[in-house]
1. Within region A:329-354, take every residue that is at pLDDT 90 or above, under 37 Å from the mean Cα position of the chain (by Cα) and aliphatic (A, V, I, L, M) and give me the one that is nearest to RNA strand B (Cβ to nearest atom).
2. For region A:631-646, how many residues are in contact with a helix residue (DSSP H, G or I) (Cβ under 7 Å, 6 or more places away or on another chain) and surrounded by fewer than 14 Cβ atoms within 10 Å (Cβ to Cβ)?
3. Can you pull out every residue in region A:195-213 that is within 10 Å of RNA strand B (Cβ to nearest atom) and farther than 15 Å from A:LEU545 by Cβ?
4. Of the numbered conditions (1) at pLDDT 90 or above; (2) within 15 Å of RNA strand B (Cβ to nearest atom); (3) over 32 Å from the mean Cα position of the chain (by Cα); (4) open to solvent by 20 Å² or more (accessible area, probe 1.4 Å), A:ARG223 fails exactly one; give the number of that condition.
5. For A:GLU748, only one of the following conditions fails: (1) within 11 Å of RNA strand B (Cβ to nearest atom); (2) touching a Phe, Trp or Tyr at 6+ places or on another chain (Cβ under 9 Å). What is its number?
6. Taking only region A:115-165 into account, find how many residues are open to solvent by 10 Å² or more (accessible area, probe 1.4 Å) and small (Gly, Ala, Ser).
7. Against the definition (modelled with pLDDT of 90 or more, farther than 30 Å from A:ASP379 by Cα and among the β-branched types (Val, Ile, Thr)), how does A:ILE250 come out, yes or no?
8. Can A:VAL562 be described as farther than 22 Å from A:THR682 by Cα and not in a helix (DSSP H, G or I)?
Amino acid sequence: MYNFKEVEKKWQDKWYAEGTFNAKNDYSKEKWYGLIEFPYPSGQGLHVGHPRSYTALDIIARKRRMQGYNVLFPIGFDAFGLPAENYAIKNHVHPKITTEKNINHFREQLKSIGFSFDWSREVNTTDPNYYKWTQWIFIQLYKHGLAYKATMPINFCTGCKVGLANEEVVNGVCERCGSPVVQKEKSQWMLRITKYAQRLIDDLDDVNFLDKIKAQQINWIGRSEGAEVNFKISGTDDNLLIYTTRPDTIFGATYMVVAPEHSLIEKYKDRITNLDEVEEYKKKAALKSDFERAELNKEKTGVEIKGIKAVNPLTNEEIPIWISDYVLITYGTGAIMAVPAHDTRDFEFAKKFNLPIKQVIKDKNSENESNELEEAFTDVNNGIAINSDFLNGLASKDAINKAIEYIEEHKLGERKVNYKLRDWVFSRQRYWGEPIPMVYCEKCGWVPIPEEKLPLKLPDVEDYEPGENGESPLAKHEEWINTTCPHCGGKARRETDTMPQWAGSSWYYLRYMDPHNDKELASKEALEYWSPVDWYNGGMEHTTLHLLYSRFWHKFLYDIGVVPTKEPYAKRTSHGMILGSNGEKMSKSKGNVINPDEIVDEFGADAFRVYEMFMGPFDQTAPWSMESIRGCMKFLDRVWNMQDFLVDGDEYSEKFEKMMHKAIKKVSSDIEEMKFNTSVATFMTMVNEFYKEKQINKAEFATFLQLLNPFAPHMTEELYQKIGGTEELAYKAWPTYDEAKTIEDEIEIPVQIKGKVRATITIMKDEDEEKVKEKAKEAVASQLEGKKIIKEIYVKNKIYNIVIS
RNA sequence: GCAGAUGUGGCGGAACUGGCAGACGCACAGGACUUAAAAUCCUGCGAGGGUUAAACCUCGUGCCGGUUCGAUUCCGGCCAUCUGCACCA
């Protein structure tokens with residue numbers, strides 16, 4: 001009987017004591033760098049979702065070692081963040097203490113599953129020796145003009161009392177605590193990621209990310225091409241600048257709209273005759289959350305700004321200017337030309353406020369040119385310009401270009417590319433994060449801390465509560481805040497905001513390359529050798545932001561000569577989520593959470609690993625099933641018991657030779673394609689075959705164990721030792737196969753009549769077509785009787801089909 | 001609304017490039033072993049018809065249609081579910 005507890009402990013103790021899986025510092029060998037997203041060490045411990053990703057990459061890493069690569073497969077902890085801080089506020093335990101405790105728990109859990117991590121390179125984002133370099137990168141960003149302070153409306157969580165990035169706001173509430181998010185003006189550190197928008201799109205061509213991941217990145221960056229156009233404000237020399245992607249519709253612009261926050265109102269308040277009404281609207285809009293403003297199906301609201309008018313530069317018609325919150329101050333110029341006939345939102349607005357709708361594009365597929373549009377016609381691929389002077393008759397796409405040419409020629413505006421991507425709000429009014437290494441001096445302004453003084457350590461405090469108006473907890477600690485200016489030596493005050501959790505995870509993969517270096521974030525040699533990450537796997541939830549942020553930092557580090565590659569990750573894949581056995585997302589409240597410790601305790605680490613790979617396609621969600629994992633344990637027991645009918649043999653027996661070669665081929669390619677579930681099925685089929693014969697020889701067993709080793713490393717090492725293996729499978733060469741030996745000499749093929757299978761015949765591989773024909777006809781002779789054969793189709797070694805009348 | 005994905009037995013899922021749909025596992029049923037149970041081993045297992053038993057026949061991969069000798073796979077049109085984004089002009 002297989003005692004997994006004893007065996008698993010034996011091998012884990014050996015591996016982790018000897019550092020079996022530690023990357024070698026031999027830079028002459030070919031390297032392979034596999035990366036999993038390092039976990040946040042939460043109080044709940046490891047989730048069964050973590051091992052799905054870790055096992056997959058562990059399998060690949062183990063295979064690469066057997067293939068002779070110098071493998072780097074590191075692990076660390078992304079330990080700054082809100083849960084530890086919220087826990088501290090509630091229970092008055094320093095986040096440092098809970099974090100350490102949680103990390104110890106995680107480490108133990110991870111080791112109990114037998115991952116082949118290089119524990120000598122463990123990193124921890126909250127370690128001053130680590131965040132020293134996070135701060136260093138920030139200072140470089142600042143020195144290169146990519147970090148700046150700005151007062152801007154930010155998302156403010158009423159629960160966490162903290163500013164949030166757009167991406168942390170989900171459906172109008174805080175991603176973490178679920179409290180409503182409101183807009184608040186605040187001075188924030190910002191990172192100019194927008195400067196990299198185009199490169200973040202373009203360089204996706206050079207990496208091997210899943211298409212859906214690329215699509216998500218591109219969607220998020222949201223590039224659009226169009227033009228900025230000036231509309232004259234009547235009776236002034238002033239202009240209202242708008243952005244449009246459809247300059248071809250400009251003849252149909254019948255009014256304009258500015259966002260509530262647009263400066264136009266302040267500027268012309270003396271001329272606006274209904275200022276009270278406009279101000280009232282502004283006030284109401286400011287009180288709405290982003291979510292309320294964006295809510296779909298919402299009735300459009302707005303107020304006409306009376307007293308000023310704009311002039312359509314192409315028709316020279318005077319048109320009214322409105323204020324409405326359907327125009328966003330944060331995108332484009334915060335003002336639009338409204339073309340109700342060809343924009344759904346403008347159409348809705350025009351209908352509601354009875355504004356003129358002027359059709360300037362017709363559908364090329366539609367004959368009748370009705371006078372009254374039922375809805376806006378927006379199809380750019382099927383439109384033809386009408387009522388548009390020099391654009392008439394042009395297809396929309398050509399009309400767009402012609403319109404821009406005209407606009408540029410007449411100095412009305414210019415071609416312009418816009419991105420939805422905004423600069424990254426980098427400040428958090430929180431305690432448990434990297435201090436931003438900047439001081440403010442009355443004389444010199446913002447000054448970075450000298451690099452030799454890094455790390456700027458987070459002070460030990462006991463009060464983690466944020467200030468009432470959202471100030472950072474650090475703002476209460478005068479002794480920490482007051483300092484001297486590194487520049488002039490005068491009095492200065494420290495920045496009290498800290499960095500967001502995204503900071504530490506934006507570059508951790510670099511630190512793994514040389515984790516104990518106290519002179520650089522990593523040595524040149526290490527960076528040259530290990531870059532880029534060859535394969536990065538993680539959750540779909542991180543494929544947008546984390547990936548974008550770290551690609552941005554990496555590109556910046558490339559620009560300043562720190563890293564040798566343009567992109568950090570050569571390949572990125574994602575795993576599907578594991579659901580509870582009821583098919584719902586695992587959550588405490590639903591009571592369907594599976595604790596990995598209990599699974600390992602009851603079934604063993606190997607069974608746990610095999611099951612996680614067997615449960616379904618790796619990239620798709622899959623529900624947990626206790627019955628199925630039992631099946632995987634049974635499979636491993638059957639493997640163990642094969643020693644009972646082991647016989648001698650240095651070569652594969654005739655009986656199993658083909659199966660062995662086929663299996664090596666199948667498992668080898670399955671692992672590369674992450675089709676782990678079918679690999680496991682292959683193992684099970686093999687075991688069934690060995691059981692049928694009640695026989696397996698040493699050569700077969702050794703190869704079988706080697707193939708299975710990445711999936712179930714403990715039991716296979718033990719068995720291999722038991723059957724007399726001298727070395728460890730971990731570094732034994734991956735088995736090879738002979739293509740010729742994967743092909744069967746005798747093949748069963750179906751014989752069809754009119755595409756329906758009527759019989760099967762056995763033929764020799766590549767048998768002469770005439771002979772196959774003969775056999776096929778013989779097999780279905782009774783059904784051919786008295787029928788006329790119209791056509792016969794033979795696909796070599798595949799199928800014989802006869803068409804009869 | 002936009003983008004992407006998914007839909008196959010009671011369940012999780014296989015199926016290379018258009019070529020025997022349901023591999024492998026779970027559950028279930030029967031048998032062997034056992035005083036008995038568990039464990040283990042063996043066998044069966046899409047639906048319907050047919051047969052003493054087989055053979056065999058029909059239907060069947062979300063729905064409707066198309067291409068083809070042949071479609072889970074390709075094309076067109078729907079429906080449903082999931083994920084991400086969402087008044088981005």
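The values are calculated or read from the model by the stated rules, or taken from the named source; none is laboratory data. Nothing here was measured: the structure is a model prediction, and the numbers come from that model. Reconstructed Cβ throughout: ideal geometry from the backbone, glycine too, with neighbour counts over all protein chains shown. Keep in mind that these areas ignore ligands, DNA and RNA; they rest on the heavy atoms of the full protein, side chains included. Shrake-Rupley method; radii C 1.70, N 1.55, O 1.52, S 1.80 Å.
1. A:ILE336
2. Step one: list which residues in region A:631-646 are in contact with a helix residue (DSSP H, G or I) (Cβ under 7 Å, 6 or more places away or on another chain), which gives A:632-633, A:635-636, A:638-640, A:642-643, A:646.
Next cut, surrounded by fewer than 14 Cβ atoms within 10 Å (Cβ to Cβ) only: A:643.
Final tally of qualifying residues: 1.
3. Going residue by residue through region A:195-213, those that are within 10 Å of RNA strand B (Cβ to nearest atom) are A:210-213.
Hits for region A:195-213 are A:LEU210, A:ASP211, A:LYS212.
4. If we test A:ARG223 against (1) at pLDDT 90 or above; (2) within 15 Å of RNA strand B (Cβ to nearest atom); (3) over 32 Å from the mean Cα position of the chain (by Cα); (4) open to solvent by 20 Å² or more (accessible area, probe 1.4 Å), just (3) comes out false.
5. That leaves (2) as the condition not met.
6. Counting residues in region A:115-165 that are open to solvent by 10 Å² or more (accessible area, probe 1.4 Å) and small (Gly, Ala, Ser) gives 4.
7. Details: modelled with pLDDT of 90 or more: yes; farther than 30 Å from A:ASP379 by Cα: no; among the β-branched types (Val, Ile, Thr): yes.
No; evaluated as a whole, the condition is false for this residue.
8. Judged against the criteria, A:VAL562 is a match.
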